[in-house]
Amino acid sequence: MLKDKTVLLGVTGSIAAYKIAYLASALVKLHADVHVLMTKNACNFINPITFETLTGNKCLVDTFDRNFQFSVEHVSVAKKADVVMIAPASANVIGKLAHGIADDMLTTTILACRCRKFISPAMNTNMFENPIVQDNLKILAGYGYSVIDPAVGYLACGDTGAGKMPEPETLLTYILQEIGAAKDLRGKKVLVTAGPTQEPIDPVRYITNHSSGKMGYAIAKAAMLRGAEVTLVSGPVAIKPPAFVKLIPVVTAQDMYEAVTSISDSQHIIIKAAAVADYCPATVSEDKLKKQDDQMSIPLKRTRDILKYLGEHKVPGQFLCGFSMETRDMLSNSRAKLKKKNLDMVAANNVKVAGAGFQGDTNVLTLITQDEEVSLPLMSKEDAAGKILDKILEIMNQEVTD
C-alpha cells in the first residue's frame, strides 16, 4: 500500500516514545521507507537501535553526525519525505517548531520539509492546556501543520485528562489517509450502506440475516483513502467503522430508508452493500410473546425498497451500484435487478461459492453493467472494494469523455 512512499517519524522526549516502535513496524509492513528522527531526550525513553532494526535506516539524532552518505543529511531526508508525523510531540519541540528554531536534527529536518506534516502532542494535562502551548499549536496549524487531538485518559504522571498520545493504530490512519492511495475520488461524495437490518418482533426478538458488514465497511474505507467524502449508513455490526468516515447507525430497514433518502440527492456515488430485510413483522408486540404449545405464525409486510427508490430518483451524473447475493441463476437474476431498478452496476456473488458467503474476509464478485460482465477471482474484501471503485471510476470517466 505504501510502496515507494517515504515516511518521516519525529520522536521527542515523552514516555509515549516507545509506542512509535509499533507505528514504525506497521509502516514497514506496508512497504514504506521509514526514517526516524529523534531528539536527544527521546533517547532516554527508547534506544535508536530499536528504530534502526525495525526500519533498516539509520536513526538520525546528531545534526553533525559524520557517518552519513554524501549529501546534507537533513535536506536529503526532507526532500524524500512524502509525509511527516511528529509523535509524541513534546511542548518543547512544539514551541521550537512554532517559532522556527532549528537546533537539532529533528527540528532542522522538519523545517526543510514541504510535505504534509502531522503533529501529535503528548504531555501532562496542565502543560497541554497551558495557553502558551495552545497558542503554539495554533501557530503551527496556521503554518499548515495538522494537529492531532490527544486522547483523554490516565497519564503516566498519574493525572487523568487530555494529553495522552493516541494509539499507534490511530496515528497510522492519518498517514494512510494522506498517502495510502491515489486521490482519484477527491471532490466526490460517496454514500455506502453496510450490514444487516434488524426488524423487531417484540421487545426481545427480531428478524435479521448473517451480514457482517465487512464488504460495505471495506468499500467505505477504500473510498476514504482515495479522497472521497464518505458517509456510511450501517446496520448493527461488530466491527469498528473506518476513520474519517461519517457514520450513520441504523437498526431497521425503515431507519435505513430514511437515512439514505435524506442525503441521496447530494451524492455522486451510491453503493448499496447492506443486506436489508425484504420483510418485517406487520405488527410489533409491546410485550414479549410467550411460548405456546402449538405453532405460531408471524404476519409479515414488505419493507420499503431503498434501491428501487434510488433508481427511480437518480439525479443526473449520479452512479448507483447495488449488490446481488444469490444462491442460483446469479447472472440472470442480477441482470434483471440491474434493469428493473435502473442501476449502473451490480456487484453479484453466489453465497454457495467457497469464499463468497457471509461473515468471511474474502469475496468472489462479478461486476455487471449494461455492456459487460467482469468476473473477479477470490480476493480479500479490501481488494474487492478497490476493484469496485476502479470500475465505477472507469465508467464515470468514460461517460464524461463521451
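The numbers here are math on the coordinates, done by the rules we state, and not lab data. Predicted, not measured: the structure shown is a model, and the values here were computed from it. As a convention, Cβ positions derive from the backbone with ideal geometry for all residues, glycine included, and neighbour counts pool all protein chains shown.
Applying the Karplus relation 6.51 cos²θ - 1.76 cosθ + 1.60 with θ = phi - 60° to the range 376-386 yields 3J(HN,Hα) values of 9, x, 4, 8, 5, 5, 5, 5, 4, 4, x Hz, where x marks Gly and Pro. Dipole size of the range 114-241 about its Cα centre, with +1 on Lys/Arg Cβ and -1 on Asp/Glu Cβ: approximately 620 debye, rounded to the nearest 20.
Only one of the values (1) 42; (2) 24; (3) 52 was calculated from this structure for percent of Cα pairs over 35 Å apart; name its label. The listed entry that was calculated here is (1).
With θ set to phi - 60° and the Karplus curve 6.51 cos²θ - 1.76 cosθ + 1.60, what are the ³J(HN,Hα) couplings of the range 16-22 in order, to the nearest whole Hz, using x for Gly and Pro? So the Karplus estimates, Gly and Pro as x, are 6, 4, 4, 5, 5, 4, 5 Hz.
Taking loop as defined by DSSP and a crowding limit of 10 other beta carbons within 10 Å, which trypsin sites (Lys or Arg not before Pro) in the range 301-402 fit? In loop regions of the range 301-402 (DSSP not H, G, I, E or B), the sparsely surrounded trypsin sites (Lys or Arg not before Pro) are ARG328. Taking the convex hull of the alpha carbon positions in the range 332-402 and averaging its projected area over all directions gives 5.1 nm². About its Cα centre, the dipole of the chain is roughly 240 debye, where the only charges are +1 on Lys and Arg Cβ and -1 on Asp and Glu Cβ.
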